[in-house]
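Novice: Got a structure for you, questions after.
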Amino acid sequence: MTIGISNLTFGQKTQKLPNNELREIIGLALNLPELQQYFHIDSHPERLPIKIKEFGEINSTNLSGIEKFGTEILILKNEEISRKEIPDYLNIADWTLVDNLLRLQLNYQIEGITVNYMFERTDSKWKIKSAELWEE
């Protein structure tokens with residue numbers, strides 16, 4: 001039996017964003033005011049640089065140059081996170097893009113939090129339409 005993978009999901013083509021838009025979205029997500037208190041960089045400087053687990057187009061090639069707290073963020077493969085036993089990384093749990101709307105969900109397991117974002121693109125600029133953060 002052969003199983004093929006298609007670029008069609010429910011009849012829609014998978015949308016890809018240009019790298020500059022990926023960087024814009026991740027930058028906005030990381031700078032959400034409600035999220036800042038959970039980074040604890042003053043009491044846990046070892047959490048720098050901020051780390052994100054690779055997720056499809058969210059990789060070190062496409063997202064090079066994004067800075068947070070004065071250092072470039074790291075995009076790490078799952079294998080590296082496991083091998084180095086890195087506990088303080090952001091995990092992308094959902095990335096759903098439909099036309100000019102994007103749903104993004106980030107988990108920061110070391111702090112036990114999840115953030116749900118809804119982004120909207122207007123005139124080629126992304127903005128956070130809504131965001132909800134909760135502790136688990």
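Since every read-out is calculated from the coordinates, none of them should be taken as a lab result. Because the structure is predicted, anything quoted here is derived from the model rather than measured. Note that we place each Cβ from the backbone using ideal geometry, even for glycine, and neighbour counts take in every protein chain shown.
Novice: Using only C-alpha atoms and all pairs of different ones, pull out the Kirkwood radius for the stretch 79-136 in Å with one decimal.
Specialist: On the way: mean 1/r = 0.0786 Å⁻¹.
Here the Kirkwood hydrodynamic radius works out to 12.7 Å.
Novice: Quick one: go through the stretch 85-117 and flag any residue whose amide nitrogen is under 16 Å from the point 7 Å out along the Cα-to-Cβ line of Glu46.
Specialist: It comes to 85-89, 110-111, nothing else.
Novice: Taking θ as phi - 60°, what are the ³J(HN,Hα) couplings along the stretch 113-126 by the Karplus curve (6.51, -1.76, 1.60), each to the nearest whole Hz, with x for Gly and Pro?
Specialist: For the stretch 113-126, the Karplus-derived couplings read 10, 10, 10, 9, 10, 10, 9, 10, 9, 10, 6, 6, 10, 9 Hz, x marking Gly and Pro.
Novice: OK, next. Nearest 500 deg cm²/dmol is fine: what mean residue ellipticity at 222 nm does the chain get from its DSSP H runs of n ≥ 4 alone, each adding -39,500 (n - 2.57), divided by its residue count?
Specialist: Numbers: 2 runs with 19 residues, N = 136.
-4000 deg cm²/dmol, from helical runs alone.
Novice: Please give the length that would be gained between Tyr38 and Ile110 if that part of the chain were fully extended, namely 0.36 nm times their separation in residues minus their C-alpha to C-alpha distance (nm, one decimal).
Specialist: Working: separation 72, 0.36 × 72 = 25.92 nm, distance 0.93 nm.
Roughly 25.0 nm would be gained on extension.
Novice: With each label point set 7 Å from Cα along the Cα-Cβ vector, what nm distance links Val98 and Glu135?
Specialist: So the two model labels end up 3.3 nm from each other.
Novice: Kindly give the semi-axes, whole Å and largest first, of the ellipsoid equivalent to the chain, taking each as the square root of 5 times a Cα gyration tensor eigenvalue. If you can, show how the numbers build up before the last one.
Specialist: On the way: eigenvalues 130, 73, 43 Å².
Over the Cα atoms of the chain, the ellipsoid semi-axes are 26, 19, 15 Å.
Novice: Please state the relative contact order of the stretch 16-135 as a whole percent: Cα pairs under 8 Å, 6+ residues apart? Write down the numbers at each step before the final one.
Specialist: Details: 184 pairs, mean separation 23.2, N = 120.
Once divided by the residue count of the stretch 16-135, the mean separation gives 19 percent.
Novice: Residue-wise, which Karplus ³J(HN,Hα) couplings in Hz belong to the stretch 128-133, taking 6.51 cos²θ - 1.76 cosθ + 1.60, θ = phi - 60°, and x for glycine or proline?
Specialist: Running phi through 6.51 cos²θ - 1.76 cosθ + 1.60 with θ = phi - 60° gives 7, 7, 7, 8, 9, 10 Hz.
Novice: Measure nothing but the geometry: give the 0 to 90° angle between the long axis through the Cα atoms of 19-30 and the longest principal axis through the Cα atoms of the chain, rounded to 10°.
Specialist: With both axes taken from Cα atoms, the answer is about 40 degrees.
Novice: In addition: Please give me the summed charge of the neighbours of Met118: other residues whose Cβ is under 12 Å from its Cβ, Lys and Arg +1, Asp and Glu -1. Write out the running numbers ahead of the final one.
Specialist: Values: positive: Arg103, Arg121, Lys127, Lys129; negative: Asp94, Glu120, Glu132.
Charge balance in the 12 Å sphere: +1.
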